[in-house]
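The values are calculated or read from the model by the stated rules, or taken from the named source; none is laboratory data. The structure displayed is predicted, hence computed values, not measured ones. Heads up, the Cβs are rebuilt from the backbone with ideal geometry, glycines too, and the neighbour counts pull from every protein chain shown.
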Amino acid sequence: MTQSAAGLTALFILVCLAIGRAIVWLRVNPAIALLCGTIVLGLASGMSFADVVHGVNQGFGALVAELGLLISLGIVMGTLMSVYGAVERIAGSIVKLSGSKGSPNAFSLTLSTVTPSIDCDVLLALVAPIARTAARRTGRPVASLVGPVAMGLAAGSALVIPGPAMLVYIGMLELTAGEMLLPGLLAAIPAVMVTTFAYLLLIERGGCWKTTLDEDIADEAVPGLPRTTATPAVGFPRCS
């Protein structure tokens, strides 16, 4: 290393920002963006190209060897849940119990604690239509249900076992699943509750979502969800 700690920290921040910009703005595949960012960070910090390649191979290989089976089993579990309709039944039942006012928290809590084993992209494709229809039938803006879905997916992946990101953390920090199971749940539940509440304030009271301009009125029929009169949710006025 030929740079100071402050210089390396600044370089790391710049590379992370560049990776995020490449993924979000330039639509670069996240795996390619992360790989290129890692190579740039290594070379810019003074490592030789051979050392960078060796470090990438060693780190990635060790991580896959340790977590590959756990992630595979988690994906199998999620696939079985989706094939047999468990996700739809869980979401439908919780919406019935929570009602209009509690439906956003019901989705975020369910997706962060009950179904974190399913791949985020797959689970988003499964649950987003359900959340959309639930919004129509409870009288809330579509964004009020779809946003908590995304937040629940992120929290479940990052904090709850067997979420893929949590398994990666465990492997890198050399922890055990038992050590992180309860702490992850205890962190995920308040995290999604606070973020869901703040998000709803912005969407339904802060005017960040215009229902008449930003939504399609089509309503998909999803078995298991009750049809209710579309009235505004209690406590949050609809955007106009």
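Observations, loosely collected:
- Between M172, M180, M166, M193, the distinction of being out of contact with any strand residue (DSSP E or B) (no Cβ under 6 Å at 6 or more places or on another chain) and modelled with pLDDT of 90 or more belongs to M193 only.
- Among the candidates E179, E204, the residue that is surrounded by 22 or more Cβ atoms within 10 Å (Cβ to Cβ), of a type in the set (D, E, K, R) and assigned to a helix (DSSP H, G or I) is uniquely E204.
- Matching entry among M151, M166 (being crowded, with 16+ Cβ neighbours inside 10 Å, in a helix (DSSP H, G or I) and more than 10 Å from the chain's Cα centre (by Cα)): M166
- Of the residues screened, I189 is not one that is under 20 Å from A106 (Cα atoms) and outside any helix (DSSP H, G or I).
- Selection count where residues are assigned to a helix (DSSP H, G or I) and either touching a strand residue (DSSP E or B) at 6+ places or on another chain (Cβ under 9 Å) or surrounded by 12 or more Cβ atoms within 10 Å (Cβ to Cβ) (or both), scope region 42-51: 4
- Residue match in region 89-109 (condition: at pLDDT 80 or above and outside any helix (DSSP H, G or I)): no
- Filtered residue count, region 1-41, keeping only those that are on the phi > 0 side of the Ramachandran plot and either part of a helix (DSSP H, G or I) or surrounded by 16 or more Cβ atoms within 10 Å (Cβ to Cβ) (or both): 0
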